[in-house]
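Structure first, commentary second.
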Amino acid sequence: QVQLVESGGGLVQAGGSLRLSCAASRSTYIMDDMAWYRQFPDKSRELVARITSAGDTNYAESVKGRFTISRDNAKNMLYLQMNSLKPEDTAVYYCLADFYRATYWGQGTQVTVSS
C-alpha cells in the first residue's frame, strides 16, 4: 500500500506559477513510474506528466515547455512545477504512483487559474 498526499494547489492569476508537491508514505526509490493527472471541471481527465524510475519524463502537449515534473527519492516526493499558467489549466491535480503492479492515487489538489 502507498498513500499519496498532494499539496500546493490554490488560486493564481494567469501567467503565474504554482508548485505542486506529492508526499509518498513509502520510499519512492522502489516505485516505478510516477505521474500527475488532472481532472477538468467537465470531468474529463488528462495525463499531465510522467516520470520513470530512471528519471525519463514525458508531457502532455498542452503543458510542454511550461510544466516540469521531478521526483526526489531521498525525500519521497514528487513535484510539478507549473509556470505560465492559463485559465484552461484549471483542474483538480492528482499524483499517481505505480508500485508492484498497482496504481495508487492521491486525493487531489485544486488549481484554479483566473483570467
(request) Show the residue pairs that are 6+ apart or on different chains and have beta-carbon atoms under 6 Å apart, the first residue being within the range 44-55 and surrounded by 12 or more Cβ atoms within 10 Å (Cβ to Cβ), the second being among the acidic types (Asp, Glu). (result) Arg50/Asp33; Thr52/Asp33; Ser53/Asp32
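Does Tyr29 meet the test of being out of contact with any His (no Cβ under 9 Å at 6 or more places or on another chain) and assigned to a strand (DSSP E or B)?
It is false that Tyr29 is out of contact with any His (no Cβ under 9 Å at 6 or more places or on another chain) and assigned to a strand (DSSP E or B).
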(message) Can you tell me how many residues within the range 1-45 are over 19 Å from Val63 (Cβ atoms) and aromatic (Phe, Trp, Tyr)?
(response) 1
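Residues of the range 69-104 being assigned to a loop (DSSP other than H, G, I, E, B), more than 21 Å from Ser17 (Cα to Cα) and among the β-branched types (Val, Ile, Thr), which ones?
Correct list: empty.
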(request) Identify the residue in the range 28-43 that is surrounded by 21 or more Cβ atoms within 10 Å (Cβ to Cβ) and modelled with pLDDT of 95 or more and, among all such residues, is nearest to Asp72 (Cα to Cα). (result) Met34
(message) If the requirement is being over 10 Å from the mean Cα position of the chain (by Cα), at negative phi and surrounded by 15 or more Cβ atoms within 10 Å (Cβ to Cβ), which of these qualifies: Leu20, Leu11, Leu78, Leu4?
(response) Leu4
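The values are calculated or read from the model by the stated rules, or taken from the named source; none is laboratory data. Just so it is clear, the structure is predicted and the values come from calculations on it, not from any experiment. Virtual Cβ from ideal backbone geometry, glycine too; neighbours counted across all protein chains shown.
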